[in-house]
Amino acid sequence: MLGIYSVEEIGEFSSLAGSFLGGAFIAAIFALGALIAAGLIIAVYVYFALAWSTIARKLKHKYPWLAWIPFANISLILEIGGFHWAWVFLLLVPIFGWLALLVLTIIATWKIFEKRNYPGWFSLAVLIPKVGGLFYLIAIGFVAWKEMKK
């Protein structure tokens with residue numbers, strides 16, 4: 001006996017402490033991953049909103065700040081592209097409404113890109129599997145902040 005604990009009890013305690021610390025380490029890794037993911041999502045949203053508010057301002061839209069409001073940013077894109085803002089209510093119709101709104105948004109984005117003297121087919125980048133979202137973010141960045149010569 002060592003003090004008040006036996007060798008067997010100390011072995012059990014160290015095994016329990018090791019498994020607890022291993023679990024805490026895994027939980028910390030998951031928490032860190034969640035924080036990184038949340039930070040990335042916020043960064044992409046801020047970039048998207050900045051780009052679309054800049055595009056709206058350059059195309060002289062009355063309310064460019066709508067780019068910062070979820071769902072209203074879709075209506076902003078539709079309005080700048082020549083559609084009525086109320087088409088955003090297609091979000092309330094599962095699957096078919098979402099697909100119809102996606103098509104309308106792509107058409108509106110095509111028109112917007114052409115108004116800014118960029119190829120309209122840049123709006124199709126969102127349809128490319130895996131890398132389409134990144135290409136779309138790059139495209140709206142060019143449209144927002146780079147002046148294209150005619």
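Since every read-out is calculated from the coordinates, none of them should be taken as a lab result. From a predicted model like this one, the values you see are computed outputs, not experimental measurements. Note: ideal-geometry Cβ built from the backbone for every residue, glycine included; neighbour counts use all protein chains shown.
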Worksheet item: Projected onto the charge dipole of the range 7-145 (+1 at Lys/Arg Cβ, -1 at Asp/Glu Cβ, origin at the Cα centre), which of Trp121, Ala28, His61 gives the Cα projection farthest towards the positive end?
Response: His61
Worksheet item: Given 0.36 nm per residue, what is the gain on full extension from Leu124 to Phe25 after removing their alpha carbon distance, in nm?
Response: 31.4 nm
Item to complete: For the range 31-150, give the magnitude of the charge dipole about the Cα centre (Cβ charges: +1 Lys/Arg, -1 Asp/Glu; no others), in debye to the nearest 20.
Response: 460
Worksheet entry | For the range 7-145, with +1 on Lys and Arg beta carbons and -1 on Asp and Glu, the positive-most of Val46, Phe96, Ile106 along the dipole | Ile106
